[in-house]
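Worksheet: one structure, shown below.
The values are calculated or read from the model by the stated rules, or taken from the named source; none is laboratory data. Keep in mind it's a predicted model, so treat the numbers as computed, not measured. With ideal geometry, Cβ positions are generated from the backbone for all residues, glycine too; neighbour counts draw on all protein chains shown.
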Amino acid sequence: MSSTKLRVASVGVGLGLRWEFLEQFAEQQPLLPFIEVSPENYMGRGGRFPELLEQIGDRLPILTHGLSLGLGATEDADSSHLQAVRAELGRLDPAHHSEHLCFSRSGDTFLHELLPIPFDELTVDRVSDRLRSYTDLFQRPVAMENISYYACGGVNTMPEAEFIHRVLDKSGAGLLLDVNNVYVNSLNYGFDAESFIRSLPLSRVLQIHVAGHTRFEPDWVVDNHGAAVCDPVLDLLALTLAETGPVPVLLERDNNIPPLDVLLAETASLQKLYDRVLGDHVLGEGAPS
């Protein structure tokens, strides 16, 4: 990518770039503070898609969000895979990278799911060590994202919020706070989402994700990124931003993907909420004027 590419964790509301609208996005050149991609979708590839991402990345800052290196796995990823991720991050040059608080592989097998981990002392140590290791390897900050989960990952010896505090304190890492994941878990497990968010170390938030979900009546909700962001999640976003101040907010959509203009309209609506909540905060470089 060109040497003029911005390398900042731009504040404001960005969009997760998906192949379904990649060509249209490159052609229309919408003005956004940043985009986010998963490096696994582009590394080792040639052809049209990486070329388009290069073009987009010369114009907009890129943040990266991993799919394959779940921080809670009991075994390290294969060194060749880690080096491939490292090379792609070097090419895209994000201001920070993020990975999920989960496990997503067993041995050399990628499970293509974000599976829950136990909230216990051993896992605190494992996740903290891995965050420090990835930060050194990738030569940039690595944040961890809280996940939605539908079963316990083992015997928990501490609440999730305490686990997050412990990991962040021990690793020195930042938090990618997915407020939709908090909301989905609160519905499925019967806790108060606002209280949960207020209990987190919000000064450590590097980025926020929002997305939609699907409710399966009578009492089960699935985080499938397949709908517009609902009002209760917007309320949680506003609450969170009021505490964090300006951080990048990312709109995710992975299923039932609508036309690009619909996603851009939703992004613009989120930006209005962002600006309204933050009021007199001075927005950093890359924010829309």
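What pairs come up if the first residue lies in segment 40-62 and is in contact (Cβ under 8 Å) with a residue 60 or more places away in the chain and under 22 Å from H96 (Cβ atoms), the second is in a loop (DSSP other than H, G, I, E, B) and among the hydrophobic types (A, V, I, L, M, F, W, C), and their beta carbons are under 9 Å apart, counting only those six or more places apart or on different chains?
P61/L6; P61/V8; P61/A9; P61/F34; P61/A95
If I ask for residues that are under 16 Å from the mean Cα position of the chain (by Cα) and within 22 Å of G279 (Cα to Cα), which ones from segment 198-228 would you list?
L202, R204, V205, L206, Q207, I208, H209, V210
Considering (1) modelled with pLDDT of 95 or more; (2) crowded, with 20+ Cβ neighbours inside 10 Å; (3) not in a loop (DSSP other than H, G, I, E, B), say which one P94 fails and leave the rest.
Condition not satisfied by P94: (3).
How about segment 38-55: which of its residues are closer than 13 Å to R91 by Cβ and aromatic (F, W, Y)?
Y42
State which residue pairs qualify: first residue touching a residue at least 60 places away in the same chain (Cβ under 8 Å) and over 10 Å from A193 (Cβ atoms) and inside segment 225-247, second residue of a type outside the set (A, V, I, L, M, F, W, C) and surrounded by fewer than 19 Cβ atoms within 10 Å (Cβ to Cβ) in any location, beta carbons under 7 Å apart, and separation of 6 or more residues or different chains.
The qualifying pairs are P246/H281; P246/G284.
Filter segment 202-228 for residues that are surrounded by 15 or more Cβ atoms within 10 Å (Cβ to Cβ) and either at pLDDT 95 or above or acidic (D, E) (or both) and give the result.
Listed by number, the residues that qualify are L202, R204, V205, L206, Q207, I208, H209, V210, D223.
Looking only at segment 32-88, how many residues end up being in contact with a His (Cβ under 6 Å, 6 or more places away or on another chain) and not in a strand (DSSP E or B)?
2
This table checks each residue for (1) out of contact with any strand residue (DSSP E or B) (no Cβ under 6 Å at 6 or more places or on another chain); (2) within 25 Å of G226 (Cα to Cα).
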site	(1), (2)
Y183	yes, yes
I197	yes, yes
R204	no, no
H213	no, yes
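Cβ-Cβ distance below 6 Å, separation of 6 or more or different chains: which pairs start in segment 176-197 with a residue that is more than 16 Å from L101 (Cβ to Cβ) and end on one that is not in a helix (DSSP H, G or I)?
Once the first residue is more than 16 Å from L101 (Cβ to Cβ) and sits in segment 176-197, its partners that are not in a helix (DSSP H, G or I) give L187/V221; N188/V221.
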